[in-house]
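Below is one structure; the comments refer to it alone.
Each reported figure results from applying straightforward, stated rules to the coordinates on display, with no laboratory input. For clarity, every value in this text was computed on a predicted model and none was experimentally measured. We place every Cβ from the backbone using ideal geometry, glycine too, and count neighbours over all the protein chains shown.
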Amino acid sequence: MLTQRLDAFARRNAANIIILVAWCALTAVMLANHEPWRDEGQAWLIVRDSPDLASIVSLLGYEGSPGLWHLLLYPLAHGGAPYWTMAALHSLLALCAVALLLFRSPLWTIEKAFIVLGYTLLYRYNVVARSYVLSCILLFMVAATYGSRRDRPWLHGLLLALLANTNLHAAIIAVGLAGAYAWETLLGPGRNLAAAGAALGIFGLGLGLAVYQVLPPPDLMRSLVRWRGLSLAADRTEEVRALTTALHGYFPAPEALTLVPTALSRFVWGWSHLAGLAELALGLVVLSRVPRVLWAYVGSAAALLVLFVFKYTGGPWHHGMLLVSLIACAWIVLDEVPDPPGQPAGLSLRRARNAGHFTTRRLVPLVFVGCAIAGPMVFIKETTREYSTGPRVAKWLEAGGWVADRSLVAVYPAPMGAAILPLLHDRDFRFYYPEYDAFGSYAIWNAAIDPSNELTRHEVAERVLERAESGSYDRVLLLCHHRTADPPVELSDGRYRLIRIFDGSVVDEWYDAYELVSRAPVLTVPDEDVGPTWTAPYGR
């Protein structure tokens, strides 16, 4: 009997299984070639090096994100698991999200292929380990169980509560979906106040917990506190750029365009936000079949765009939530207003009007074209380009004997250390961070690392020298990021010598390695030019 059921399932889902196998194969290749970067390492270091859960919670206000992802990492990081297990867990969660979409959603096969093998689910929320994968799986769980929200309101409220605790952007989306549920249960026909109270009460508790975790601490860096563009006389260039960049969440092709000629890349970048706007418009037409879902999406998307434009521009991992929430809302709409049974694709206009929605149903594949276009490009990019130099620096440090008790390794700025430290075999080794004048592992986003307090290379070098003179260190190394104001030159009257440059990665984790060769000034002139001022590439 079980064999017969499996055979029937395989025949019924043959195309979905092929898509899933292709996704798994591409994922394996990309994971084998991926170099984790600092944003991935930051969460791991916070969990690994915090003494308890309370300490982790105390840091979430600096991170600006609730701690559900940190909670999942806790058994691994505190149990001594290697760093790569975070990527394995992340891809396992991504696999669950993809399987839900393939086997439970009412989308057509071509639409599933566009989404699953496209940029967002194949790469951004699969290979790069961040909390957003939890948002994907919970959004898809909300969509898959949406039809039972009246029978199991507690489950609907619980899923929305968990969604709100994945990250700030998902919390905004959860508020929109909760608003749609409140609209339906409190204002619609057949009102059920008890069910609405149960679901919304659970969600309210979860949302309150999320808000409590991300309350900004008093010493949060100023650039994360301020809202920009609120003055009527302000220059709007930055806000316009933030808005057009956010629209790449719908059409993410520019994120994979480093492999094409520069002229074509600039052309696509210049027009891709218009393509993203067109895909958004098509998506809204599809959602218009269920007004409460349409307005839930419009409200949450508008709130996210306000956040991107006036608060924090963000990056592709933030903007992609616009597309993932659109996928979930389209899923809900297509489940609530299913395709007419047995109707061919060539349904006449008159019969389409009688069917009520079939004409707009044909628009759905167009919504995900941009995601599909970027998928193959980002696969090539991930397998042919170094994403971060962090693993290369970590190997060099260990091979050179720098990871030792009597070695001082300083990193500036502090967030750059998170790309290297999780990869070192010595879990107790710590970097010296000049901004804090302290040893540590993860960065704390307080006033000390605010851009307004940025140090020059020479100021950093002097701080490292002072720390070196206060301890018994045989060797001193400074890893300085290219983005600092000075070019990679000799520092502090010849006391430091540039011994290595790490560059060329996709994200802007480029390091200049300086060794302290003398603790007294050495008035010498460099024998050769060590290179021009370096400009970091666009960081994804």
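Sorting check: for 509-517, 466-474, 123-131, which peptide has the highest mean count of neighbouring beta carbons within 10 Å, and how do the rest follow?
Final packing ranking: 123-131, 509-517, 466-474.
In the neighborhood of residue 450, defined by Cβ-to-Cβ distances under 11 Å, what is the net charge if each Lys or Arg adds +1 and each Asp or Glu adds -1?
That works out to -1.
In whole angstrom, note down how far apart the Cα centers of region 436-473 and region 126-177 are.
When both Cα centres are located, 40 Å separates them.
Quick one: what do you get for region 1-61 if you divide its Cα Rg by 2.2 N^0.38 Å?
For region 1-61, the normalised Cα radius of gyration is 1.97.
Which lysines, on any chain, are close to residue 395 with Cα under 24 Å apart, when same-chain ones fewer than 8 places away are left out?
The qualifying lysines are 381.
Could you work out the equivalent-ellipsoid semi-axes for region 390-516, taking the square root of 5 times each eigenvalue of the Cα gyration tensor, largest first, in whole Å?
Here the semi-axes work out to 18, 17, 16 Å.
Kindly state, to the nearest 0.05, the FRET efficiency for residue 85 paired with residue 7, given R0 = 51 Å and r defined as their beta-carbon distance.
0.90
Using modelled amide H (1.01 Å from N, peptide plane; none on Pro or chain starts), what sits under 5 Å from the amide H of residue 509, excluding residues fewer than 5 places away?
Close amide H contacts, sequence-distant or interchain: 389.
What is the set of long-range amide H partners of residue 446 at a cut-off below 5 Å, with H atoms built 1.01 Å from backbone N?
221
Which whole-percent values make up P(r) of region 33-139 when all C-alpha to C-alpha distances are grouped in 5 Å steps starting at zero?
In whole percents, the pair-distance histogram is 2, 12, 22, 21, 17, 11, 8, 5, 2, 0.
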